[in-house]
Amino acid sequence: MLDEAAIRRRARELGVRTDYAEKDYVNSWVLYGIYTTDFGDNPLFKGGTALSKLYFPETWRFSEDLDFTVDGEFTGTESELRAALETASRRSGIEFSINEYYEGSDDGYPTYYVEASIQYRAMFVHSETLNS
């Protein structure tokens, strides 16, 4: 279960809406699951969220996605990602599910990719964040 008091406190500290602080909190648990299980053996966390979380936490930057690259061949599987999310769920109490999972490469490009849409039950919802 999400820790409502912790999320409200973090939102106040950062000066952001509670739904942003909640997504940041949830992203942190997803990262925990990825890097404490076999799925995290070779994905390298990158991008703006990585810079914000790891190097510049005082200049907080919100992002809804987590970006990774791989040094070498990607060996993760959907079942390993599910196991990573289960690990995060056991520790955090947040129930995660994989809504969509894609693997493949774009025509004409040698790059292989994995894209996953991970869901959880949100505690805080702001009208601007709803999709129709």
| remark: Among (1) touching a Lys or Arg at 6+ places or on another chain (Cβ under 9 Å); (2) farther than 22 Å from Arg17 by Cα; (3) without any contact (Cβ under 8 Å) to a residue 24 or more places away in the chain; (4) of a type outside the set (Gly, Ala, Ser), Asp107 falls short only on (1)
| message | Quick check on the stretch 99-109. Is at least one of its residues modelled with pLDDT of 85 or more and within 12 Å of the chain's Cα centre (by Cα)? | response | no
| task | Report yes if some residue within the stretch 55-68 is of a type in the set (A, V, I, L, M) and either part of a helix (DSSP H, G or I) or more than 26 Å from Gly15 (Cα to Cα) (or both); otherwise report no. | result | no
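Among the candidates Thr36, Thr77, Thr69, Thr49, which residue alone is surrounded by 19 or more Cβ atoms within 10 Å (Cβ to Cβ) and hydroxyl-bearing (Ser, Thr, Tyr)? Steps first, please.
Numbers: Thr36 fails: surrounded by 19 or more Cβ atoms within 10 Å (Cβ to Cβ); Thr77 fails: surrounded by 19 or more Cβ atoms within 10 Å (Cβ to Cβ); Thr69 fails: surrounded by 19 or more Cβ atoms within 10 Å (Cβ to Cβ).
Within the list Thr36, Thr77, Thr69, Thr49, the selection yields Thr49.
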| task | Kindly indicate whether Thr69 is touching a helix residue (DSSP H, G or I) at 6+ places or on another chain (Cβ under 8 Å), touching a residue at least 24 places away in the same chain (Cβ under 8 Å) and hydroxyl-bearing (Ser, Thr, Tyr). | result | no
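Identify all residues within the stretch 33-46 that are farther than 16 Å from Ile98 by Cα, assigned to a helix (DSSP H, G or I) and modelled with pLDDT of 90 or more; write none if there are none. Don't jump to the end; show me each part of the working.
Here is the first cut: in the stretch 33-46, the ones farther than 16 Å from Ile98 by Cα are 35-38, 40-46.
Within this subset, residues satisfying the condition of being assigned to a helix (DSSP H, G or I) are 35, 38, 40-41.
Selection gives Tyr35 alone.
Restricted to the stretch 52-66, and to residues that are crowded, with 16+ Cβ neighbours inside 10 Å and touching a residue at least 12 places away in the same chain (Cβ under 8 Å), which residue is farthest from Thr111 (Cα to Cα)? Spell out how you get there, then give the answer.
From the stretch 52-66, those crowded, with 16+ Cβ neighbours inside 10 Å are 52-53, 60, 62-63, 66; that's our starting set.
Next, only the ones that are touching a residue at least 12 places away in the same chain (Cβ under 8 Å) stay: 53, 60, 62-63, 66.
On the way: Lys53: 26, Trp60: 31, Phe62: 27, Ser63: 23, Leu66: 18 Å.
Looking at residues that are crowded, with 16+ Cβ neighbours inside 10 Å and touching a residue at least 12 places away in the same chain (Cβ under 8 Å), I get Trp60.
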| request: Could you grab me the full set of residues in the stretch 81-104 that are in a helix (DSSP H, G or I), in contact (Cβ under 8 Å) with a residue 12 or more places away in the chain and surrounded by fewer than 16 Cβ atoms within 10 Å (Cβ to Cβ)? | output: Ala83, Glu86, Arg91
| query | Which pairs do you get when a residue that is at negative phi and outside any helix (DSSP H, G or I), found in the stretch 4-30, comes within reach of a residue that is crowded, with 19+ Cβ neighbours inside 10 Å and among the aliphatic types (A, V, I, L, M), reach meaning Cβ atoms under 9 angstrom, with the pair 6+ apart or on two chains? | reply | Arg17/Ala11
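The values are calculated or read from the model by the stated rules, or taken from the named source; none is laboratory data. Given the structure is predicted, the values throughout are model-derived calculations rather than measurements. Every residue, glycine among them, receives a Cβ derived from its backbone with ideal geometry; neighbour counts consider all protein chains shown.
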